[in-house]
Amino acid sequence: MISVAEARARILSAFAPLPAETVALPDALGRVLAEPVVARLTQPPFHAAAMDGWAVRAADIAAATALAPVPLRRVGESAAGHAFDGTVGPGEAARIFTGAPLPDGADAVVMQEDCSADDRFVRVGRAVVAGRFIRQAGFDFALGDELLPKGRRLTARDVALAAGGNVPWLSVHRRPRVAILATGDEIALPGDPLGPSQIVSTNALGLCALVTTQGGIAHNLGIARDTADSVAAMAAGAAGCDLLVTTGGAAHGDYDLVRDVLAGKGVTLDVQTVAMRPGKALMFGRAGAVPLLGLPGNPVSTGVTGLLFLRPILRRLQGLPPEDERAPTRARLTTALRANDRREDYLRATLATDTDGVATVTPFARQDSAITSLYAQADCLIHRPPNAPPEPVGAMVPVIPLSDGALSL
């Protein structure tokens with residue numbers, strides 16, 4: 001057996017970011033930029049009002065007070081989308097609305113609450129300095145500014161920013177295409193009749209969902225039965241994909257055929273078994289032109305190894321670092337942990353926040369790799385290194401959050 005770190009390093013060394021493609025901005029949510037997004041205009045493109053009020057010359061109202069308002073002659077109006085094309089001269093003012101261009105000659109805006117007006121004049125009851133309530137041209141960004149860096153996964157906020165920069169097309173990494181193949185006579189699709197010795201297949205659908213949340217395109221190849229012909233025929237459906245992921249059949253039992261069948265088809269294996277719990281039975285290699293990641297069959301083992309190995313692959317293929325460095329990494333134990341053995345352990349747990357604002361973590365009492373209900377309830381995994389000593393209540397331990405995905409706001 002090899003360590004998780006060595007297995008991840010070997011596996012990730014086989015992958016590089018996928019080529020770029022151009023997509024329309026409405027289709028860019030969750031995609032990863034292959035090139036920076038650069039502003040194609042200055043925003044705002046003109047000096048604009050930040051308040052509804054009156055565009056004035058600050059020098060004209062320097063002495064204005066509520067008890068001694070200064071009268072100014074009305075000369076026009078500037079509204080959003082309808083600029084005043086005249087000039088504000090000495091002793092003059094123009095009605096203006098939020099977002100509207102500042103007329104020539106004016107250098108400040110007085111809020112409407114500080115003014116009273118009739119058809120001919122506005123009486124200003126407060127002095128303002130030049131530049132008051134004005135958003136200067138380029139206040140947000142300027143033509144040629146980098147708005148979003150290469151390697152960023154686009155959020156809803158990013159899409160709005162690119163739109164504001166007048167960028168209708170983006171260069172992004174192609175989405176990874178991942179073929180998922182479940183194996184075993186004992187599993188059936190959800191909703192299908194179950195034989196007396198069968199259970200419902202969960203792993204393939206869970207992995208497809210994982211691929212989707214991480215920005216990939218999942219192709220569910222179905223269920224291969226426990227025969228060499230079935231495994232080989234259905235694995236052939238991965239042709240043209242960036243990765244084939246199998247679940248089940250990777251161990252050394254009499255009916256674990258994936259390793260032997262695919263090896264007979266020219267598969268080379270670089271990783272076989274990893275010193276971790278859950279998920280010891282894991283393999284990685286190449287099936288012809290397609291990289292192969294073989295995950296164990298127990299559902300929680302599949303989920304955990306998918307998180308630790310499949311998710312970093314998907315991030316690497318999209319030009320991202322293997323791990324999201326913004327995620328919290330440590331939390332305070334609410335219950336004691338026993339010493340660990342020689343395998344790395346990943347305990348399913350829930351997160352909360354203590355009264356002092358510190359994240360706390362509570363492992364489930366049951367950690368069997370077949371308990372899918374608790375895995376679905378988990379917020380995180382507690383990572384325990386090999387031979388870790390006992391940990392008391394209150395100890396800070398490393399955690400891996402489970403809640404991230406491509407569709408972050």
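Bear in mind that the values in this text are calculations on the coordinates, not laboratory data. Everything numeric here is computed off the predicted structure, so don't read it as measured data. Virtual Cβ from ideal backbone geometry, glycine too; neighbours counted across all protein chains shown.
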Inset, instruction - Pop a pseudo-label 7 angstrom from the Cα along the beta-carbon direction at both Asp192 and Ala209 and give the gap in nm to one decimal. - result: 2.0 nm
Legend entry - Selected from Val274, Val393, Val172 as most flexible by GNM, with the chain as the system and alpha-carbon contacts under 10 Å: Val393
Legend entry - Matching label, log10 I(q)/I(0) by the Debye sum over Cα atoms at q = 0.07, 0.14 Å⁻¹ computed from the structure shown, candidates [x] -0.30, -1.32; [y] -0.53, -1.17; [z] -0.36, -1.42: [y]
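Per the helix-only calculation at 222 nm, which mean residue ellipticity applies to the chain, given -39500 (n - 2.57) for every DSSP H run of n ≥ 4 and division by its residues, nearest 500 deg cm²/dmol? Each step should come with its number before you reach the end.
Details: 8 runs with 64 residues, N = 409.
It lands at -4000 deg cm²/dmol.
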Legend entry - Where labels lie 7 Å past Cα in the beta-carbon direction, separation of Met396 and Phe139 in nm: 4.2 nm
Inset, instruction - Measure nothing but the geometry: give the 0 to 90° angle between the long axis through the Cα atoms of 203-213 and the longest principal axis through the Cα atoms of the chain, rounded to 10°. - result: 20 degrees
Legend entry - Contact order relative to length of the chain, as percent, for alpha carbon pairs under 8 angstrom and 6 or more apart: 17 percent
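Note the per residue figure in Å³ for the convex hull of the C-alpha positions in the stretch 330-401.
Working: hull volume 5.7 nm³, N = 72.
Here the figure is 79 Å³ per residue.
Hey, fewest Cβ within 10 Å first, where do Thr302, Thr155, Thr355, Thr22 land in order? Mind dumping the intermediate values first?
Values: Thr302 29, Thr155 16, Thr355 6, Thr22 10.
Lowest to highest Cβ neighbour count: Thr355, Thr22, Thr155, Thr302.
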Inset, instruction - For the stretch 109-125 and the stretch 197-228, write down the distance between their C-alpha centroids in whole Å. - result: 68 Å
Legend entry - In order through the stretch 113-128: 3J(HN,Hα) via Karplus (6.51 cos²θ - 1.76 cosθ + 1.60), integer Hz, x for Gly, Pro: 5, 9, 9, 10, 9, 10, 5, 10, 10, 10, 9, 8, x, 8, 7, 9
Inset, instruction - Would you look at the GNM of the chain, springs on alpha carbons closer than 10 Å, and say which of Leu181, Leu25, Leu154 moves the most? - result: Leu25
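Place a +1 charge on the Cβ of each Lys and Arg in the stretch 289-409 and a -1 charge on the Cβ of each Asp and Glu, then give the dipole magnitude about the Cα centre in debye, rounded to the nearest 20.
Result for the stretch 289-409 is approximately 240 debye, rounded to the nearest 20.
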Legend entry - Residue order, fewest to most beta carbons within 10 Å, for Cys208, Cys115: Cys208, Cys115
Inset, instruction - Considering the options Ala204, Gly138, Leu310, tell which one lies farthest towards the positive end of the dipole of the chain, charges being +1 on Lys and Arg and -1 on Asp and Glu at the Cβ, about the Cα centre. - result: Leu310
Inset, instruction - Tell me which residues come under 5 Å, amide H to amide H, from Ile96 once H is placed; ignore anything under 5 positions away on its chain. - result: Gly53, Trp54, Ala55, Ser78
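Among Phe284, Phe141, which comes first, then next, by fewest other beta-carbon atoms within 10 Å? Before the final figure, lay out the partial values.
On the way: Phe284 23, Phe141 18.
Placing the least packed residue first, the sequence is Phe141, Phe284.
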Inset, instruction - Could you work out which residue, out of Asn298, Asn387, Asn203, moves most in a Gaussian network model of the chain, that is, has the largest mean-square fluctuation with Cα springs under 10 Å? - result: Asn387
Inset, instruction - Pop a pseudo-label 7 angstrom from the Cα along the beta-carbon direction at both Thr98 and Ala14 and give the gap in nm to one decimal. - result: 5.6 nm
